[in-house]
Amino acid sequence: MKRALKMFGIAAAVAGAGVFTAGPAAAAGTWQTVSTNSNWDCDDYVPHRLSNNIKFKTCVVRNANNDAQGVLVVQNSGTKVANIRGEVSVYGYTPGGVLRQSYGTCRFEDLLPGQTRGCFGYTVDSTVHLEVDTALWMNGSDSNVHLSQGRHDG
């Protein structure tokens, strides 16, 4: 009986977590090659404080169901490799006012000259308003972080 109650408690906790967080998208938490289109709503590129050749922007990708995903897009217009790490925090509100949050991180990876890569956050479903904050670390140091101003839509 104790074991059955314990298993029920674990199952309930897992199910309850799904109410407050979104399920992962296929590309969440990894650096991917990106190409923006009409489903992407992006800020302008901003240079990283350590190099004008490393530029980044915060984007929101939304589908027809109002499911949305935050993306940190990074571009290397220089001639040297940069080692980057990214974080994406997403806060979405449903039509009923329920807050849905997600947080994703992409590990340090080399960004080659001429490359553009995206760090995808997790998908947040059925949102009418979304806030996305991103952070970009460069060249292996926590002191080399540059935070976005945030992206808002809806």
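Data for the structure
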item: Subset of region 115-154 (residues that are more than 14 Å from ASN83 (Cα to Cα), at pLDDT below 75, open to solvent by less than 40 Å² (accessible area, probe 1.4 Å) and outside any strand (DSSP E or B)); result: SER148, GLY150
item: Tabulated pairs, region 92-105, first under 14 Å from ARG62 (Cβ atoms) and surrounded by 15 or more Cβ atoms within 10 Å (Cβ to Cβ), second basic (Lys, Arg) and at pLDDT below 80, C-beta under 7 angstrom, 6+ apart or interchain; result: none
item: Residue under evaluation VAL81, criteria (1) under 17 Å from ASN37 (Cβ atoms); (2) hydrophobic (A, V, I, L, M, F, W, C); (3) open to solvent by 10 Å² or more (accessible area, probe 1.4 Å); (4) touching a strand residue (DSSP E or B) at 6+ places or on another chain (Cβ under 9 Å), criterion not met; result: (1)
item: Any hit, region 26-34, residues being free of Cβ contacts under 8 Å to residues at least 40 places away in the same chain and surrounded by fewer than 20 Cβ atoms within 10 Å (Cβ to Cβ); result: yes
item: Some residue of region 49-57 being outside any loop (DSSP other than H, G, I, E, B), open to solvent by less than 70 Å² (accessible area, probe 1.4 Å) and at pLDDT below 75; result: no
item: Boolean, PRO95 is at pLDDT 90 or above and farther than 17 Å from THR134 by Cα; result: no
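Yes/no per residue for (1) of a type in the set (A, V, I, L, M); (2) closer than 12 Å to THR127 by Cα:
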{"residue": "LEU50", "(1), (2)": "yes, no"}
{"residue": "LYS57", "(1), (2)": "no, no"}
{"residue": "ASN63", "(1), (2)": "no, yes"}
{"residue": "ASP67", "(1), (2)": "no, yes"}
{"residue": "VAL73", "(1), (2)": "yes, no"}
{"residue": "SER77", "(1), (2)": "no, no"}
{"residue": "LYS80", "(1), (2)": "no, no"}
{"residue": "GLU87", "(1), (2)": "no, no"}
{"residue": "TYR91", "(1), (2)": "no, yes"}
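The values are calculated or read from the model by the stated rules, or taken from the named source; none is laboratory data. Computed from a predicted structure; not experimentally measured. In this analysis, Cβ positions are derived from the backbone assuming ideal geometry, glycine residues included, and neighbour counts consider all displayed protein chains. Only protein heavy atoms, including side chains, enter the accessible area calculation; ligands, DNA and RNA are left aside. Shrake-Rupley method; radii C 1.70, N 1.55, O 1.52, S 1.80 Å.
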